[in-house]
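One structure is given below, encoded as structure tokens.
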Amino acid sequence: MKQTRYVTTPIYYVNDKPHVGHAYTSVAADVLARWWRLQGHEVFFLTGTDEHGQKVEKAARDAGMDPQAFTDQVSQHFRDLTGTLGLWNDDFIRTTEARHKAACSALWEELARRDEIYLGHYEGWYAVRDEAFYGPDELTERDGVKYAPSGAPVEWVREPSYFFRLSKWLPELLRRFDLPFGHPERIDVQPEARRNEVRAFVQQGLKDFADKPEKLDLSISRTSFTWGVKVPGDPAHVMYVWLDALTNYITAAGYPDPKAKRWKFWPADVHFVGKDIVRFHAIYWPAFLMAAGIEPAKRVFAHGWWTIEGQKMSKSLGNVIDPVALVAEYGLDPLRYFLLREVSFGSDGDFSRKALIGRNNSELADALGNLANRTLSLIQKNCEGCLPHKKDPRDTDKLFVDEAQTLPTEVRVRLESQEFHMALDAIMAAVRSANVYITVHAPWALKKTQQEERMAEVLRHLHDALRVFATVLWPFMPTTMDALFDQLGVPADARDLAALATPLPGGIALPPPSPLFRKIEIEAV
């Protein structure tokens with residue numbers, strides 16, 4: 001029976017068009033989903049849009065549009081982006097869909113049935129931009145205006161509200177945070193810095209409000225606006241946008257129907273989120289689920305933010321980068337590669353066109369593309385265009401052959417930890433070794449000295465290594481690696497990890513090679 005795997009992006013907020021940060025998260029999720037598919041797993045990959053809340057209502061009003069028409073328009077930009085980025089997502093969810101509203105209502109009713117919700121009133125400092133309340137100790141003040149840690153202005157709000165008994169579940173969250181890796185109940189928050197941050201937040205709250213734990217309970221409804229999912233039985237209230245939004249992950253899995261076809265995928269293996277929303281995913285979301293009798297997701301991975309050429313990305317600075325324009329300018333696969341190669345996933349990084357061009361030219365065009373072209377051109381010229389027969393490696397070949405054979409295992413370990421940059425580092429190290437190997441053994445010179453048999457052996461080892469490289473790089477650059485598979489003569493049904501155990505038969509005809517990557521002139525930027 002196939003192992004089931006479930007990966008999600010955050011659902012993207014529709015108050016504006018997509019930018020390169022959205023592309024970053026989506027590509028990471030797509031790479032992981034594709035890698036799991038290469039392993040033969042049954043995979044569910046979800047993305048979508050978050051369309052409710054006061055901020056969207058205001059953005060629609062500012063645009064002179066009805067909220068539904070506004071969200072239809074902006075959501076389509078994100079749906080179109082999935083095609084532009086080459087994503088293989090299995091579903092695209094919108095929180096304005098009927099199935100999602102039904103799931104939200106079902107979750108609310110289950111929480112109410114279990115006495116996890118009560119009616120009260122809330123007052124506190126609220127940031128419309130963040131859709132979140134903040135404590136007085138979290139605020140700063142400038143020119144008489146108070147600001148949240150995110151930089152959003154806050155205002156004092158008092159309104160009737162339903163509350164979720166969050167305080168009841170915080171000790172259980174701490175217990176699960178601290179369980180060892182591999183424990184079925186562990187809630188794994190990554191990277192470690194984010195786990196420590198979330199854990200400290202919960203621990204400090206329990207300490208500060210030990211005498212009044214209800215102070216930690218979470219307001220989960222609003223009456224100050226109307227654009228949201230109505231609270232069952234009390235339509236004057238709409239659900240707190242985060243309760244609504246987070247529910248998308250189980251909506252798409254078929255909740256509340258335990259017999260739904262996709263329910264087998266829950267709990268999710270990984271939620272990818274930006275570090276600014278890790279608190280919602282690592283504290284509120286698992287608490288909602290446990291309170292409803294549902295197992296939480298296994299891992300929340302909070303990646304970092306991108307600056308642009310050393311500056312914070314900002315509409316006011318005019319430096320927000322459109323990923324569609326990037327794909328048109330540099331090509332899809334070089335962009336996908338760069339986003340996950342340039343920085344450690346989980347750390348902040350700087351998006352620089354010069355760096356993207358450098359990676360493309362040195363690593364993709366020169367190191368990998370040139371290696372493939374040299375090897376396949378030599379086979380065309382010296383082996384009548386047919387793949388040489390495979391032979392056991394000589395002692396002088398073993399180090400190189402072994403490095404290529406063990407590469408998939410190293411990549412698997414790195415990707416299971418979402419260390420995308422380390423996986424690519426290992427792959428490029430192997431590519432560099434292959435370039436050293438072809439230079440040292442110089443197959444073009446072997447034929448001149450009547451060593452045709454040795455020449456064929458060297459070219460076959462290089463071909464086998466290129467097949468491994470194409471396989472492990474396919475999740476990152478699927479279009480280009482499919483082209484490399486074609487040039488290597490690898491059948492369409494032999495391009496997964498298991499197929500690497502079966503060597504291609506010698507003597508098969510290979511097509512003439514063509515360049516895989518184009519070099520980009522830095523002066524053109």
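The values are calculated or read from the model by the stated rules, or taken from the named source; none is laboratory data. Keep in mind that this is a model prediction, so the values were computed, not measured. Heads up, the Cβs are rebuilt from the backbone with ideal geometry, glycines too, and the neighbour counts pull from every protein chain shown. Just the protein is used for accessible areas: all its heavy atoms, side chains included, with ligands, DNA and RNA removed. Shrake-Rupley method; radii C 1.70, N 1.55, O 1.52, S 1.80 Å.
Of note:
- Close amide H contacts of ALA132 (hydrogens built in the peptide plane, cut-off under 5 Å, sequence separation of 5 or more or a different chain): ALA127.
- Rolled with a 1.4 Å probe across the full set of protein chains, the surface gives ILE308 an accessible area near 10 Å².
- Inter-probe distance in nm under a simple model that places probes 7 Å from Cα toward Cβ, at TYR118 and VAL145: 3.8
- Residue-span extension gain [ASP90 to ARG454] - 0.36 nm each, minus C-alpha spacing: 126.3 nm
- Comparing Cα centroids, segment 370-441 and segment 171-220 end up 45 angstrom apart.
- Distance between segment 97-149 and segment 342-368 - C-alpha centres, whole angstrom: 39
- Considering only alpha-carbon pairs that sit under 8 angstrom and 6 or more positions apart, the relative contact order computed for the chain is 15 percent.
- ALA236/ASP350 FRET efficiency (R0 30 Å; Cβ-Cβ; nearest 0.05): 0.05
- Taking all Cα-Cα distances within the chain, those exceeding 32 Å account for 49%.
- Taking Cα atoms only, the orientation of helix 192-208 departs from the longest principal axis of the chain by about 10 degrees.
- Excluding exposed DSSP-loop trypsin sites (Lys or Arg not before Pro) (at most 12 other C-beta within 10 Å), longest clean stretch of the chain: 115-258
- Put a dot 7 Å past the Cα of ALA442, heading toward its Cβ, do the same for TRP305, and the two dots end up 5.5 nm apart.
- Within the chain, percent of DSSP bridges classed antiparallel, to nearest 5: 50
- Solvent-accessible area per residue for the chain (1.4 angstrom probe, square angstrom): 42
- Surface accessible to a 1.4 Å probe, SER344 within the full protein complex, Å²: 40
- Amide H to amide H distances under 5 Å link SER161 with GLY120, HIS121, TYR122, where only residues 5 or more positions off or on other chains count and H is placed in the peptide plane.
- Between LEU399 and MET1, the FRET efficiency estimated from the beta carbon spacing at R0 = 51 angstrom works out to 0.85.
- Additional length obtainable on full extension of the chain from ARG412 to LYS207, 0.36 nm per residue less Cα span: 69.7 nm
- For the cross-link pairs LYS390/LYS447; LYS2/LYS390; LYS264/LYS298, the ones whose C-alpha atoms lie over 21 Å apart are LYS2/LYS390.
- The GluC sites (Glu not before Pro) of segment 150-250 that meet both conditions, a loop assignment by DSSP and at most 13 other Cβ atoms within 10 Å of the site Cβ, are GLU185.
- Of the GluC sites (Glu not before Pro) found in segment 265-364, those in coil by DSSP whose Cβ has at most 15 other Cβ atoms within 10 Å are GLU309.
- Angle between the chain longest axis and helix 20-38 axis [Cα atoms, degrees, rounded to 10]: 60
- Compared with the alpha-carbon gap, the fully stretched path from ALA492 to ASP62 is longer by 149.7 nm at 0.36 nm per residue.
- Nearest-0.05 FRET efficiency for LYS215 and GLU159, computed from C-beta distance (R0 22 Å): 0.80
- Label zone (LYS264, point 7 Å along Cα-to-C-beta; backbone nitrogen cut-off 14 Å) within segment 6-48: 6, 41-44.
- Spin-label model, ALA152 to GLU172: label points 7 Å out along the Cα-to-beta-carbon direction sit 2.8 nm apart.
- Apportionment of accessible area to carbon and sulfur, the chain, percent (1.4 Å): 53
- The chymotrypsin sites (Phe, Trp or Tyr not before Pro) of segment 186-293 that meet both conditions, a loop assignment by DSSP and at most 15 other Cβ atoms within 10 Å of the site Cβ, are PHE209.
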